[in-house]
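Let me begin by presenting the structure, written as structure tokens, before commenting on it.
Since every read-out is calculated from the coordinates, none of them should be taken as a lab result. Given the structure is predicted, the values throughout are model-derived calculations rather than measurements. Methodologically, a virtual Cβ is constructed for each residue, glycine included, from the backbone with ideal geometry; neighbour enumeration extends over all protein chains shown.
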Amino acid sequence: MNKIFALAFAGSLVLPGIVFGQKKKDKPEVSAAELKKLAAAVAAHPDSLSYHEEFIKAIGIDNPAVVVQYQQWMKQFPKNANVPYALAATYLEEESPKAKPYLEKTVALDSTYVEGWGGLWTDAQRWGKFEEGTEYLRKATEADPKNAQYAFYYAEGMRDKDAAKHEAMILDVAKRFPDHERGAQALYWLAVRGKGAAYQMKIFELLKNSYDPAKFSWSSSGMSSYYNLLLDENPEKAVTLAGEMAAKMGEQSQSWEKNESMAKALVAAKSLVAAGDANGALAQLKTVNLPWYSSARDGVQLLKAAAIALTSKSAAYDSLRMQFLKTPGTKLFAGMLSYGQQLGKSATQVGNETWKLLQDSSKQATEFSLRNYFTNKPASIADYKGKVVLLTYWFPGCGPCRGEFPHFENVIRKYKGQPVDYVGINIVSSQNDYVLPFMKGSGYSFTPLEDQEGRNKGNLNNGQAAPVNFLLDQQGRIIFKNFRIDGSNEDQLELMINLVLKHEA
């Protein structure tokens with residue numbers, strides 16, 4: 001059962017990451033005789049979670065009879081914590097609000113039942129009760145101090161509460177569990193979310209030296225992030241890292257060989273730009289094809305612009321403007337301001353020209369009429385006319401959504417009293433019971449709307465995934481889409497909102 005919680009927690013952190021809304025499951029077709037046989041197996045072996053799982057799958061978790069049957073078994077086996085937990089675990093996997101009472105029953109029967117405390121933590125996230133969740137994790141670590149999974153979860157939960165304590169606890173997890181993926185995962189997140197490139201590089205080196213990337217998947221992922229960081233900070237060292245990884249990563253060696261070639265090309269391009277060889281630099285940069293999620297993409301675009309600027313500053317400026325349309329970023333915009341200044345353009349002119357490009361490429365968002373959970377009345381895009389709108393698709397069980405919300409809040413709260421609004425469309429109606437408690441418990445400021453299955457979403461289509469984000473202007477046009485915000489790029493969202501807010505159509 002640990003796998004359920006591992007996936008749930010990983011989903012709450014990893015970026016970029018999306019999850020998909022639940023699909024309706026076909027009702028099982030099981031004969032009465034077969035169901036009776038499965039029930040008898042549970043009654044004979046109430047400790048066996050696998051027998052419970054088979055029975056619940058056969059009868060159907062949405063079948064009212066399953067609750068009746070488990071109420072009977074809980075009376076028959078009043079001291080067996082596995083009985084309520086079996087039902088709770090299935091509800092948890094279904095992301096159902098029905099899980100909590102059975103989880104509470106589980107830990108009441110057995111306070112050392114670590115998966116029960118872990119389940120209560122997972123469930124608490126969906127209710128927006130984050131402090132309660134932290135306490136459940138503490139009890140999980142007390143129930144099983146040797147459990148690397150919950151030791152990591154508890155330590156990571158300190159991140160926004162006490163930075164020094166968080167770092168100490170994470171390093172302790174890595175020290176206590178040198179042979180466990182959770183130790184590698186702990187260092188991975190400490191590095192990825194660390195403040196400042198120097199600190200990040202220090203922790204990435206610790207990760208590489210403590211957990212062999214060829215053996216630990218989180219260390220392998222960490223080396224990819226480290227490589228991207230080095231492309232920006234020290235491309236020569238990126239060459240060395242890629243060479244080391246190519247020599248030891250087995251099936252992944254070929255991709256690391258490509259990384260080594262790209263890093264070498266980047267080093268060469270920088271030297272060629274410094275030497276004034278525009279064509280040579282651009283030829284090298286043609287071979288640098290980073291994935292869309294690479295943190296080094298903007299740096300490569302800026303180097304490309306520097307090469308172009310050797311022959312035409314105007315062309316360099318235009319190259320950054322066109323890239324900004326695809327992937328808006330503060331580094332790109334700073335480059336645009338710099339080249340704009342060299343061309344005699346003020347910051348206001350650069351902003352105006354950028355807005356014109358954004359406006360020309362915008363499309364009117366497909367209208368909707370969706371229930372507002374607060375008012376129980378329909379809401380539409382037209383209701384937000386005159387406001388800049390951050391629109392996100394989410395659902396209470398979505399870990400990546402919950403991971404992104406605090407960063408949205410950090411930005412949105414800067415616009416209090418200004419015509420900026422924040423809307424979240426819940427794509428899983430079966431989790432409706434979570435929504436209002438989640439809003440109250442979390443204190444988040446978005447207006448929750450309920451999606452309608454089968455509606456025509458047009459150009460606001462999320463592909464049944466979450467989180468998927470859009471930024472609309474005062475006329476309801478889509479200006480930005482498919483962006484993600486975390487602790488490293490809150491300033492990007494602020495820049496995007498400012499560009500729209502200052503250029504009301």
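Can you give the relative contact order of the chain as a percent, counting alpha carbon pairs under 8 Å and 6+ residues apart? Intermediate results must be reported in sequence, preceding the final value.
Values: 748 pairs, mean separation 67.7, N = 505.
Relative CO of the chain lands at 13 percent.
With the cut-off at 1.5 for a/c, could you classify region 90-249 from its C-alpha gyration tensor as rounded, prolate or oblate?
The shape class here is prolate.
At 37 °C and a viscosity of 0.692 mPa s, what translational diffusion coefficient does Stokes-Einstein give for region 369-501, taking Rh as the Kirkwood radius over Cα pairs? Give it in µm²/s as a whole number. It would help to have the intermediate numbers written out before the result.
Values: Rh = 14.9 Å.
D, rounded to a whole number, is 220 µm²/s.
List Y415, Y393 from most exposed to least, where exposure is judged by having the fewest other Cβ atoms within 10 Å.
Final ranking by Cβ density, sparse to dense: Y415, Y393.
Suppose every K and R has +1 on its Cβ and every D and E has -1 on its Cβ; what is the size of the dipole of the chain about the Cα centre, in Debye to the nearest 20?
With only Lys, Arg, Asp and Glu charged at Cβ, the dipole is about 780 debye.
HN-Hα J couplings of region 403-418 from phi, Karplus 6.51/-1.76/1.60, θ = phi - 60°, integer Hz, Gly and Pro as x?
Along region 403-418, the couplings run x, 8, 3, x, 6, 4, 4, 4, 8, 4, 5, 6, 10, 4, x, 10 Hz.
Calculate how many DSSP beta bridges within the chain are antiparallel, expressed in % of all such bridges and rounded to the nearest 5. Show your work: numbers first, answer last.
Details: 17 of 28 bridges.
Percent antiparallel among DSSP bridges in the chain is about 60.
Which loop-located trypsin sites (Lys or Arg not before Pro) does region 413-505 contain, where loop means any DSSP state but H, G, I, E or B and the Cβ has at most 14 other Cβ atoms within 10 Å?
K416, R455, K502
Can you give the angle from 0 to 90° between the axis of helix 32-44 and the longest principal axis of the chain, with both taken from C-alpha atoms, to the nearest 10?
With both axes taken from Cα atoms, the answer is about 80 degrees.
Helix 163-176 sits at what angle to the longest principal axis of the chain, using alpha carbons and giving 0 to 90 degrees rounded to 10?
Tilt relative to the chain: about 70 degrees.
If you add up the charges near R371, with Lys and Arg at +1 and Asp and Glu at -1, over every other residue whose beta carbon is less than 11 angstrom from its beta carbon, what do you get?
-1
Let a ≥ b ≥ c be the square roots of the eigenvalues of the Cα gyration tensor of region 59-146; is it rounded (a/c under 1.5), or, if not, prolate (a/b larger than b/c) or oblate?
Working: a/c = 2.63, a/b = 1.38, b/c = 1.90.
Oblate, since a/c reaches 1.5 and b/c is not below a/b.
Explain nothing, just compute: Karplus ³J(HN,Hα) = 6.51 cos²θ - 1.76 cosθ + 1.60, θ = phi - 60°, for every residue of region 335-348 in order, whole Hz, x for Gly and Pro.
Those phi angles translate into x, 4, 5, 5, 5, x, 4, 5, 8, x, 9, 7, 4, 5 Hz.
Quick one: if you stick a label point 7 Å off each Cα along the C-beta vector at T375 and S111, how many nm between them?
Distance between label points: 4.9 nm.
Please check the chain for the longest run free of GluC sites (Glu not before Pro) that are loop-located per DSSP (anything but H, G, I, E, B) and have at most 14 other Cβ atoms within 10 Å.
Between exposed loop sites, the widest span is 30-366.
Can you tell me the orientation of helix 432-442 relative to the chain, as the angle in degrees between its alpha-carbon axis and the longest Cα principal axis, to the nearest 10?
Once rounded, the angle reads 60 degrees.
What is the dipole size for region 80-192, taken about its Cα centre, with +1 at each Lys and Arg Cβ and -1 at each Asp and Glu Cβ, in debye to the nearest 20?
It works out to roughly 120 debye.
Quick one: net charge of S295's neighbours, Cβ under 13 Å, K/R +1, D/E -1?
Its environment carries a net charge of 0.
Quote the charge dipole size of region 312-361 about the Cα centre in Debye, to the nearest 20; the model charges only the Cβ of Lys and Arg (+1) and of Asp and Glu (-1).
Working: 6 positive and 3 negative charges, 22 e Å.
Using Cβ point charges on Lys, Arg, Asp and Glu, region 312-361 gives about 100 debye.
Among the lysines, which fall within straight-line cross-link reach of K313, defined as a Cα-Cα distance under 28 Å, with same-chain neighbours fewer than 8 residues apart omitted?
By straight Cα distance, K313 reaches K264, K270, K286, K304, K326, K331, K345, K356, K502.
Given (i) 131; (ii) 218; (iii) 168, which label gives volume of the Cα convex hull per residue in Å³ as computed from the coordinates?
(iii)
Amide H of Y422: which non-local residues (sequence gap of 5 or more, or other chain) have their own amide H closer than 5 Å, using H built in the peptide plane?
The list, which skips near neighbours in sequence, is L390, T447.
Got a sec? Charge dipole of region 369-501, +1 on Cβ for Lys and Arg, -1 for Asp and Glu; which of N461, Q418, Y444 is way out at the positive end?
Farthest towards the positive end: Q418.
With a/c under 1.5 counting as rounded, go ahead and sort region 250-334 into rounded, prolate or oblate using the C-alpha gyration tensor (a ≥ b ≥ c being the square roots of the eigenvalues; past the cut-off, prolate if a/b is larger than b/c, else oblate). Let's see the in-between values first.
Details: a/c = 2.86, a/b = 1.34, b/c = 2.13.
Judged from the Cα gyration tensor, region 250-334 comes out oblate (a/c at least 1.5, b/c at or above a/b).
With θ taken as phi - 60° and the coefficients 6.51, -1.76 and 1.60, list the Karplus ³J(HN,Hα) couplings across region 96-105 in order, rounded to whole Hz; mark glycine and proline as x.
My calculation for region 96-105 gives 9, x, 6, 5, 4, x, 6, 5, 5, 5 Hz in order.
Along Cα→Cβ, 7 Å out, is where each label goes; now give me the distance between the ones at E353 and N459 in nm to one decimal.
Output for this residue pair reads 2.5 nm.
Can you grab the distance from the C-alpha centre of region 459-492 to the C-alpha centre of region 335-392, Å, no decimals?
Each part reduced to its Cα centre gives a spacing of 10 Å.
Once R0 is set to 41 Å, what does the formula 1/(1 + (r/R0)^6) return for the Cβ-Cβ distance between E53 and K202, expressed as a FRET efficiency to the nearest 0.05?
0.40
Cα centroids of region 171-235 and region 109-142: how far apart, whole angstrom?
Cα centroid of region 171-235 versus Cα centroid of region 109-142: 27 Å apart.
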